[in-house]
Structure formats: structure tokens, C-alpha cells
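Encoded as C-alpha cells, the structure appears first; notes follow it.
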């Protein structure tokens with residue numbers, strides 16, 4: 001099998017080369033056949049990378065420890081999900097995963113745009129293929145995930161680091177990678193436009209949606225990263241300006257800048273060089289981020305370790321990207337001239353420009369500060385470090401300025417705002433700011449920076465509400481419907497604008513969460529049984545310390561009673577888990593009592609089992625949940641903005657809106673899932689009674705059977721998740737006592753629950769093997785179906801521009817509305 | 001075109017100057033030295049009172065914790081030079097004899113005073129399995 005993997009990679013490399021050559025030659029000779037063959041090769045590449053991924057995943061699932069990569073990042077005891085997630089757990093695999101995603105995304109992008117941007121396609125193909133080629137090259141010569149042991153391979157793997165064995169591992173890296181990879185598509189279109197000279201605004205349309213999609217995934221990935229840090233690492237916060245976090249943030253800044261400035265180009269034909277530059281820089285930063293984390297140039301908890309050869313290869317590639325891209329920009333400067341002059345500083349353009357400069361400055365600041373230790377060592381020979389306070393000091397005012405612009409920008413008119421216009425627009429938002437600021441001051445809330453942030457949040461929210469209300473009023477008067485229908489119609493009519501506002505609402509909520517950080521309280525104490533520790537209006541009492549075992553790990557759990565304002569409100573069970581084979585790296589299981597106003601966050605920081613003492617770190621994190629909530633709303637807004645341009649013939653076409661709703665609720669659901677998974681299970685006394693399996697067979701059964709209570713998230717019964725698992729263990733014990741065999745016990749549970757569901761793994765025989773494939777097949781066909789439906793929708797709208805009657809009405813309505821809305825602008 | 005170019009250039013120059021000025025002043029407060037124990041202990045008086053991240057390895061059997069408190073005393077070394085350190089707070093799980101640590105704090109006359117939450121013990125590595133020279137396998 002590993003030989004097959006390596007062979008597929010080699011084939012992919014050759015295919016890349018062919019795709020590039022055929023496309024460029026085809027474009028230059030205007031040979032449709034060559035171009036088509038280049039596209040064919042490009043699709044083939046996606047197929048090859050899928051095969052390579054399948055081979056690697058197969059190796060993980062079947063435990064082929066002859067492959068070094070598999071040996072290093074998995075072991076037999078790991079649950080299936082983590083075996084699959086181990087694919088991207090290490091450096092070699094993550095590079096391959098990157099190429100896999102890029103080949104899939106690239107193919108979709110080519111497929112969707114192949115008719116609309118015919119002249120650009122060959123160059124898009126070659127740019128994406130060239131990027132893939134670089135990464136495949138890296139794998140082949142330096143980091144082949146399929147390389148095998150030349151000597152006798154170990155019998156079992158080293159296992160994935162326990163820290164990575166959690167829900168977020170399965171979802172945070174893929175989301176980040178999708179975000180990164182999606183940014184390659186706009187870059188490819190940008191370069192294609194530069195090379196062909198088709199620099200009208202058509203390419204922007206193709207690029208905008210991909211950037212938006214990438215931006216959504218990047219935001220999702222960053223949020224998940226924060227959640228991961230918050231819930232798993234146990235230091236009480238979610239962001240510490242670690243180089244790897246920053247690497248994800250850098251392209252996020254520039255992509256955000258692009259999504260704003262693209263509006264200026266569409267509306268006014270300005271900032272054209274700027275937009276191309278942003279697309280290039282965003283792509284460059286995704287590569288640079290990968291470089292930074294993979295080559296060991298910066299020190300980080302995430303970093304993969306030093307690797308000079310990799311650093312060199314990446315540097316060459318990055319220099320090439322920059323020279324090539326900016327070479328073309330300079331060559332095409334005459335075509336990129338702005339169509340209009342800048343009119344006034346009090347205009348929407350100016351606000352967008354300010355927003356862009358600040359975002360770009362943020363990106364460069366973060367880049368500079370992240371690289372500072374490396375730079376200072378190179379320049380002065382003295383390694384100087386900068387820490388989170390330095391970042392915060394700069395990013396705090398920057399964030400607040402951006403927040404202000406979020407409130408003011410949308411109210412300014414294009415070209416130039418008149419004074420009366422300004423007064424009309426800014427009256428309520430400024431009032432909201434002043435009232436909130438006054439109220440907060442009276443209440444004694446700190447003015448800088450939390451107070452300012454709250455007041456600004458109030459202002460921005462007022463702005464957005466005002467936009468919605470005024471727009472809806474205009475539409476109601478124009479269409480004669482009620483205000484609610486008008487509101488929906490308004491959003492459907494200009495999805496990007498109002499979707500954008502909804503994104504802004506999400507941002508405001510996130511800022512609320514960030515401002516809450518200013519009121520954080522933290523205490524640490526070493527406590528004997530019965531002692532209390534007071535933090536804010538909470539108090540905790542250390543009740544007991546218990547040590548338990550399961551098949552994978554030893555668990556040390558502190559039992560804590562929680563008092564709020566002197567009243568007992570519940571209990572928490574923070575723990576430390578010591579995974580077998582990884583005892584020196586225990587994982588911290590944080591116990592969080594969530595509330596919309598504040599989280600009580602308890603960490604078992606240390607313990608002495610014999611003395612029953614425990615050290616707890618107790619943190620109160622006000623408003624932190626608003627960050628996650630804010631992301632949900634942001635995703636909703638992006639979903640609305642991403643709806644196919646013509647899919648909503650009018651707000652009445654409810655199906656695509658439903659699809660967007662579904663996508664968004666899916667994202668929100670995914671985000672909420674961890675809280676369900678991590679919600680602490682109530683252990684009944686019965687569950688604790690049997691702590692050890694009596695025979696090896698019983699132990700195996702504990703690992704193979706799944707708790708069927710329906711809330712444990714398919715934990716194995718050996719995981720002591722709840723009383724239902726205890727009941728099932730009890731049943732197992734009884735059956736074993738009756739002398740039943742393993743198969744008979746299986747049959748008993750299958751009969752009891754009516755399916756093979758209680759089995760952790762389907763019985764690995766004949767037809768049942770298909771069951772392994774089933775979830776993937778469902779997933780894949782679901783994706784295909786969604787893609788198909790999405791295409792049908794968008795195409796039908798294009799081919800038949802709605803029903804005749806509706807069209808006439810629409811047209812007149814639209815023109816009237818346009819007039820109204822323009823006035824509003 | 002000319003006055004416009006000048007205007008833009010002047011604005012840019014002022015902005016750049018202001019920002020780099022700010023950056024410079026904040027940097028001098030925000031940065032700290034990153035040093036190894038041997039570098040600092042070869043001339044301890046020169047480093048006293050300066051904030052830094054100190055890199056070294058915990059000396060075997062040097063960790064003492066005052067019972068029922070979070071006060072720790074230990075020594076770290078590199079290339080034969082040793083420094084005593086004091087710390088009050090929660091120790092990371094990976095802090096033990098021989099582990100590689102980075103301490104944030106400053107050097108005083110009696111040793112290194114670690115600031116709150118200033119102990120970072122390096123895991124072998126979070127993503128890559130550790131590869132110490134001479135160990136076969138992996």
C-alpha cells in the first residue's frame with residue numbers, strides 16, 4: 001500500500017506539470033483541445049489526491065505501522081475518529097491534506113467558472129496546479145507521508161498526542177486549511193486576469209465569493225481555535241498571540257480588507273491596483289503562515305520543530321510568488337488605472353480606505369511582532385521577545401477604531417456626504433454612543449478600554465438597526481406590504497449589503513466578549529477538603545479528590561461545590577487525565593459553568609492524592625460566550641451574502657434561503673456541538689462502583705460497546721460516562737457470568753437495541769465491512785447532492801430569468817426600489 | 001497631479017514617522033531579553049533587575065515546595081552554570097527534574113524571581129514526538 005501511495009504522488013506530480021504545460025500552451029495557441037486536456041488533467045489530479053488520501057486513511061484505520069507517519073501519529077487504542085484525524089496530525093500528512101483540499105477546491109472552482117470566464121481558465125488551472133506542484137514536490141523529496149521503515153517496523157504506533165485527542169482536532173485544522181486553500185482560488189483568478197489583461201471587473205465577481213467562502217472558514221477555524229484553547233488547554237483565556245494563531249489571523253486581516261475594498265472597485269472603479277495587491281498578499285500570507293509554523297523559524301507551542309531544508313524550499317517558493325505576481329502587477333499598471341478620482345474624506349470610499357489601511361496595518365503589525373524575536377536575533381544577535389501585552393497594547397486601539405468605522409462607514413454616502421445627510425444619518429448612533437457612555441460612566445465602569453468598547457458597540461448596533469428599519473420602511477411604502485415582509489424582501493434584494501450588516505452584528509457581539517476580558521477575575525489556591533475559595537460573587541469548596549482508571553487513561557478528578565452569592569448552585573469536576581504511554585503529558589479537563597453573563601472556569605492545577613489536597617485555578621470570564629454567539633451570527637450573515645447572486649429572483653423564492661439557513665444552522669450547530677459533548681456527565685454512584693474489568697474479555701467488551709443513553713455522544717461503556725453505561729457494564733458482567741461468548745453478547749445487545757448500533761465497530765465480516773464505508777458514502781453523496789442542487793438553482797435562474805409576469809412587475813419594482821435606496825444611500 | 005503626489009507623500013511620511021515612533025517607544029517597554037542561564041550567570045551583576053525570559057534545564061532533585069502552599073524553590077542550569085529560582089503559583093504539569101523550562105521574571109541578588117504564571121515548561125513537543133539523539137526508532 002505505501003508503494004501505491006508514493007506512486008500516486010509521483011503521478012500527481014507529473015500530472016501537475018502536464019496540466020500547467022497544456023493549459024499555458026493551449027491559451028497561447030488558442031487551442032481549445034489543449035486547454036480542455038489541461039482541465040481534464042486538473043480534474044484527474046483531484047482524483048489522484050483523493051486516492052492518495054484514501055490510501056493514507058486506510059493505513060491509519062487498519063493500523064499499518066510499517067508506514068512511519070502512521071506509526072508516529074496513531075496507535076491501536078485510538079478511537080476511529082482520531083485515527084482518521086491523525087491524517088492531518090503531523091507535518092507530512094498536513095501538507096498532503098492541504099494539496100488534497102486544494103485540488104478539490106480548485107476543481108470545483110474551475111467547474112463552476114469554466115463557461116463564464118473562458119479566457120481566464122487555462123491560467124487559473126496553471127496557477128493552482130503550480131501551487132499544488134510545489135507542495136507535492138515537498139512531499140516527494142522531503143516529507144513523504146508514505147515513507148516506510150526499512151528495518152522491522154514497531155508493532156504498535158506511538159499514538160497521537162493526548163492534547164490533540166479531542167473533538168476540535170477533528171474539525172479545527174480542516175476548517176483552517178479550507179480557509180487557507182480557498183484563498184488560492186482568488187489568487188489564481190487574479191494572476192489569470194493579470195496575465196491575460198482581462199482586468200475589467202468580471203474577474204472580481206468570481207473572486208469575491210471564493211474569498212468570502214475562504215473568509216468564512218478562516219473565521220470558523222479561528223473561532224474553533226479559540227474555543228479549543230479555552231476549553232482544553234485550561235489557562236483561562238482563548239487567545240495569546242501565539243505565532244501559529246497569528247499565522248491564521250494574518251490572511252484573515254487582508255481578506256477582510258479585500259472584501260471591503262472590492263465594494264469600492266465595483267461601485268466606483270477605484271482601488272484596482274490595491275485589490276489585486278490584496279488578493280496576492282492574502283495568498284502570500286497563507287503560504288507564509290504555513291512556512292512560519294512548519295519550518296521552525298519562530299518558536300511556538302504549536303510549531304512543528306526546526307527544519308532548515310523546508311525553510312529553504314519555502315523561501316524560494318515565496319520569493320518566486322512575490323516576484324512573479326508583482327512583476328505582472330507592474331507590467332499591467334496602465335490597465336489598472338482608476339476610473340474615478342477620490343472626492344472627499346467624508347465619503348464611503350474614504351471610510352473603506354481607512355478600514356483597509358487599518359486592517360493592513362494590523363496584518364503587518366502582527367507579522368512584525370511575531371517575527372520580532374527572529375528578526376532581532378538576526379540583526380543584533382540578541383534574542384528579544386515580545387509577549388501578549390505588547391500585542392494587546394497595539395491591537396486594542398486598532399480594534400476600537402475598526403469598530404468605530406463599522407458604525408460610521410455604512411452611514412456615509414458614496415462620493416461625498418453633505419452636512420444635512422450626516423446629521424440625518426448619525427443622529428441616533430451618536431446619541432446611543434453618548435447615552436451608553438454616560439450610563440456606564442455613572443455606573444463606574446472603566447472608561448478605557450471596556451467602557452469605550454461597550455459604548456461603541458451600542459453605536460454600531462444602532463447604526464445597523466437604523467439601516468434595517470429605514471430600508472424596510474422604504475420598501476414597505478414601495479410595495480405596500482407589512483414591515484416584516486418588507487424586511488425580508490430587503491435582505492433578499494441586496495443580500496451582500498444586509499448580509500454584511502448581519503456580519504457586523506456578529507463582530508459587535510464578539511467585541512462585547514473581548515471587552516468582558518477586562519473584568520476577568522482569577523484566583524489560585526491550594527485547598528484541603530472542606531476549604532473554600534471565594535472569587536467575585538462565586539465561591540468553591542473542595543469536597544474530594546478521586547482517582548479512577550479506564551482503558552486509555554488514569555483520571556484524577558477534583559469534586560467541587562459551587563456557591564453563588566452564598567447559595568449552593570451545583571458542583572463541578574475538573575480533572576487531569578494521564579493517557580497510557582503519555583503519562584508525562586497529562587491533559588487538563590476544565591470544568592466550566594456556563595452562563596450568558598459569565599463563565600465560572602475551574603481548573604485542577606495540581607494535587608496530592610494521599611493528602612487529598614488540590615490546587616485549583618478559578619477564573620471568572622465575563623461575557624466570553626458572546627464571542628461564540630457572535631461567530632454564529634457572523635456565519636449567518638456570510639451565508640446570506642453568499643447566496644447565489646440570482647438565486648433569489650425575489651424574496652419570495654424561499655428554497656435557497658432555506659438552504660442558506662440550513663448551512664448556517666449547520667455551522668452554528670457544529671459550533672455548539674462541543675458544548676454538548678463536553679457538558680459534564682452526571683456520574684451516578686452506581687457508575688463508580690465497578691471500576692475495573694475482571695477479565696481481559698470484559699475489558700475488551702467495555703471498549704467495543706457503546707453507551708446507548710443517547711446523550712453520551714457514543715462514548716464506550718468503559719468510559720464511565722453515565723449511569724446508563726454502568727447499567728450496560730452490569731449486563732455485560734451478568735452475561736459473562738452466565739458463560740456467554742463474545743458473539744452471544746453482541747447478539748444480546750443487537751437484539752436489545754434492534755441494530756448493531758451498540759457495537760463500537762460493526763462486526764468486521766463480509767457485508768458489514770461496507771458499514772465502514774457507509775458514513776463516508778453518505779457524506780460524499782450529500783456533498784455531491786448539495787453541489788448539484790446549488791448548480792441547478794444558479795443555472796435555472798440564469799437561463800430563464802423568472803416567470804414572465806413576475807419579471808415585468810419585478811423590473812418596475814426594482815427600478816423604483818433602486819431609486820429609493822439610492823436616496824437612502 | 002504634482003501637488004496631489006506631494007500631499008500623499010507628506011501624509012504617508014507623517015503617518016510612518018508617527019507609527020514608528022510609537023512602535024519604538026512601546027517596543028522598548030514591551031520587549032524582554034531571551035537568555036540562557038550560562039549567558040546570564042557569567043556576569044550576573046550586569047543582568048540584575050532586567051526583565052527577561054530565561055532558558056535552562058531544571059537541576060535534578062533541586063525542586064522544593066513548601067508544604068500546603070504554592071511556593072517553590074528550584075534551580076535551573078545550562079552549560080554548567082546554575083541559578084536558583086523562586087516562584088509562587090501553579091506549576092505546569094511538565095515541570096519536573098530535568099525538564100526544559102523558560103522562566104519569565106528578573107534576576108535579583110539572591111537568584112531569579114519568577115513572575116506570576118512565568119514558568120513555561122516545554123513539552124517534548126506538542127506535535128512531533130521527541131527525538132533525542134541516540135534513541136533509536138521513531
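The number of residues in the stretch A:162-196 being modelled with pLDDT of 90 or more and more than 11 Å from the chain's Cα centre (by Cα) comes to 16.
The single residue among A:529, A:556 that is within 26 Å of residue B:72 (Cβ to Cβ), outside any strand (DSSP E or B) and within 14 Å of another protein chain (Cβ to nearest Cβ) turns out to be A:529.
The set of residues from the stretch A:339-391 being in a helix (DSSP H, G or I), within 29 Å of residue A:411 (Cα to Cα) and either free of Cβ contacts under 8 Å to residues at least 24 places away in the same chain or in contact with a strand residue (DSSP E or B) (Cβ under 8 Å, 6 or more places away or on another chain) (or both) comprises A:357, A:364. In the stretch B:93-105 there is no residue matching the filter, namely being at pLDDT 90 or above and closer than 27 Å to residue A:163 by Cα.
Report yes if residue A:438 is within 27 Å of the chain's Cα centre (by Cα), more than 14 Å from every other protein chain (Cβ to nearest Cβ) and assigned to a helix (DSSP H, G or I), otherwise no. So residue A:438 does not fit the description; no.
Is it the case that some residue within the stretch A:34-57 is in contact with a strand residue (DSSP E or B) (Cβ under 9 Å, 6 or more places away or on another chain) and in a helix (DSSP H, G or I)? So far as the stretch A:34-57 goes, yes, one or more of its residues are in contact with a strand residue (DSSP E or B) (Cβ under 9 Å, 6 or more places away or on another chain) and in a helix (DSSP H, G or I).
Report, by residue number, each residue of the stretch A:135-155 that is surrounded by fewer than 23 Cβ atoms within 10 Å (Cβ to Cβ), in a loop (DSSP other than H, G, I, E, B), away from every other protein chain (no Cβ under 11 Å) and in contact with a helix residue (DSSP H, G or I) (Cβ under 8 Å, 6 or more places away or on another chain). Within the stretch A:135-155, A:142, A:143, A:144, A:147 meet the criteria.
The criterion of at least 1 residues that are closer than 20 Å to residue A:546 by Cα and within 14 Å of another protein chain (Cβ to nearest Cβ) is met by the following strands (runs of 3 or more DSSP E) wholly inside the stretch A:574-648: A:575-579, A:587-589, A:598-608, A:613-622. Entry remark, the stretch B:79-105: residues being over 26 Å from residue A:587 (Cβ atoms) and within 14 Å of chain A (Cβ to nearest Cβ) number 1 in total.
Would you check if residue B:74 is buried (at least 16 other Cβ atoms within 10 Å of the Cβ) and in a loop (DSSP other than H, G, I, E, B)? It is false that residue B:74 is buried (at least 16 other Cβ atoms within 10 Å of the Cβ) and in a loop (DSSP other than H, G, I, E, B).
Listed by position, the helices (runs of 4 or more DSSP H) inside the stretch B:1-60 whose residues that are within 14 Å of chain A (Cβ to nearest Cβ), surrounded by fewer than 13 Cβ atoms within 10 Å (Cβ to Cβ) and over 21 Å from the mean Cα position of the chain (by Cα) number at least 3 are B:2-30.
Please go through the stretch A:373-394 and give me each residue that is under 30 Å from the mean Cα position of the chain (by Cα), at pLDDT below 85 and more than 7 Å from chain B (Cβ to nearest Cβ), ordered by number. A:374, A:375, A:387, A:388 - these are the residues of the stretch A:373-394 that are under 30 Å from the mean Cα position of the chain (by Cα), at pLDDT below 85 and more than 7 Å from chain B (Cβ to nearest Cβ).
Which numbered condition trips up residue A:67, out of (1) free of Cβ contacts under 8 Å to residues at least 12 places away in the same chain; (2) farther than 21 Å from residue A:210 by Cβ? Unmet for residue A:67, out of (1) free of Cβ contacts under 8 Å to residues at least 12 places away in the same chain; (2) farther than 21 Å from residue A:210 by Cβ: (1).
The values are calculated or read from the model by the stated rules, or taken from the named source; none is laboratory data. What you are looking at is a predicted structure, and each value in this text was computed from that prediction instead of being measured. Because the Cβ atoms are built from the backbone with ideal geometry, glycine has one as well, and the counts that use them run over all protein chains shown.
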